[in-house]
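Participant: Have a look at this one before I ask anything.
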Amino acid sequence: MITGLDHIAVAVPDLEKAIKRFLEDFGLTYEGTEEVETAKTSTAFFPLKSTSIELVSPLRGEGPIAKYLEKKPGGLHHLCFSTDDIVADVARLKALGYQFLSDAPSLGAHNCQVIFIHPKSCDGVLIELSQPGDDHH
């Protein structure tokens with residue numbers, strides 16, 4: 001079952017500059033960065049009370065975020081919903097006609113299992129489902 005909004009992801013061309021903005025200008029708590037090889041992204045998290053803002057930037061200039069940034073200068077990339085049973089939610093949503101970008105969940109940031117719903121299934125919004133791993137707070 002979907003249990004809440006896990007994070008809002010913002011694609012950024014310059015991760016260090018964006019980290020500085022959210023840390024120094026907005027005064028948010030910085031949780032650190034993580035490279036997610038499977039998604040070819042570098043991530044930085046700023047947890048808030050019940051959600052967080054995730055900054056995502058291409059890892060080595062590769063991957064889907066790099067392609068996104070070729071078309072746009074940055075901006076809202078996706079919404080992520082927490083789930084306590086990602087396999088059941090994927091099966092339920094597929095039965096309702098939702099299309100996914102992959103066949104099965106994969107490893108994401110914070111050791112979470114993640115999968116993305118195709119934007120054409122959600123009025124143009126990319127939606128991620130995330131089942132927390134052991135080290136997700």
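The values are calculated or read from the model by the stated rules, or taken from the named source; none is laboratory data. Given the structure is predicted, the values throughout are model-derived calculations rather than measurements. A quick note on method: Cβ atoms are made from the backbone with ideal geometry, for glycine too, and the neighbour counts reach across all protein chains shown. Ligands, DNA and RNA are stripped out before the accessible areas are found, and what is left, the full protein with its side chains, is counted by its heavy atoms. Shrake-Rupley method; radii C 1.70, N 1.55, O 1.52, S 1.80 Å.
Participant: Counting only the heavy atoms of the protein chains, how much of F100 is accessible to a 1.4 Å probe, in Å² to the nearest 10?
Facilitator: Ignoring ligands and nucleic acids, F100 comes out at about 30 Å².
Participant: For E16, E62, E70, write out the residues from largest to smallest accessible area, computed with a 1.4 angstrom probe and no ligands counted.
Facilitator: Ranked from most to least accessible, the order is E70, E16, E62.
Participant: Moving on. In percent, what relative contact order does the chain have, based on Cα pairs under 8 Å that are 6 or more apart in sequence?
Facilitator: Relative contact order comes out at 26 percent.
Participant: Ignoring ligands, DNA and RNA, what percent of the accessible area of segment 1-89 is carbon or sulfur (1.4 Å)?
Facilitator: It is 57 percent, rounded to a whole number.
Participant: Using a 10 angstrom cutoff on alpha carbons, build the Gaussian network for the chain and name the most mobile of C80, C112, C122.
Facilitator: Maximum among the listed residues: C122.
Participant: So if R0 is 30 Å, what FRET efficiency would M1 and S102 give, r being the distance between their Cβ atoms, rounded to the nearest 0.05?
Facilitator: The pair M1/S102 has a calculated efficiency of 0.90.
Participant: Tell me, in nm to one decimal, what length is gained between C122 and E34 on full extension, where the rule is 0.36 nm per residue of separation less the Cα-Cα distance?
Facilitator: My answer for the length gained is 28.9 nm.
Participant: Now for a different question. Taking only protein heavy atoms into account and a 1.4 Å probe, give the accessible area per residue of the chain in Å².
Facilitator: Per residue, the chain has an accessible area of 57 Å².
Participant: Quick one: how many Å² of K40 are accessible to a 1.4 Å probe, rounded to 10?
Facilitator: K40 has an accessible surface of roughly 80 Å² with all protein chains in place.
Participant: Assign one of three labels to segment 3-46, namely rounded, prolate or oblate, based on the Cα gyration tensor with a ≥ b ≥ c the square roots of its eigenvalues; rounded applies when a/c is under 1.5, prolate when it is not and a/b is larger than b/c, and oblate otherwise.
Facilitator: It comes out oblate by the Cα gyration axes.
Participant: List the pairs from K20/K49; K40/K120; K17/K94 whose alpha-carbon separation is above 31 Å, in the order I gave them.
Facilitator: K17/K94
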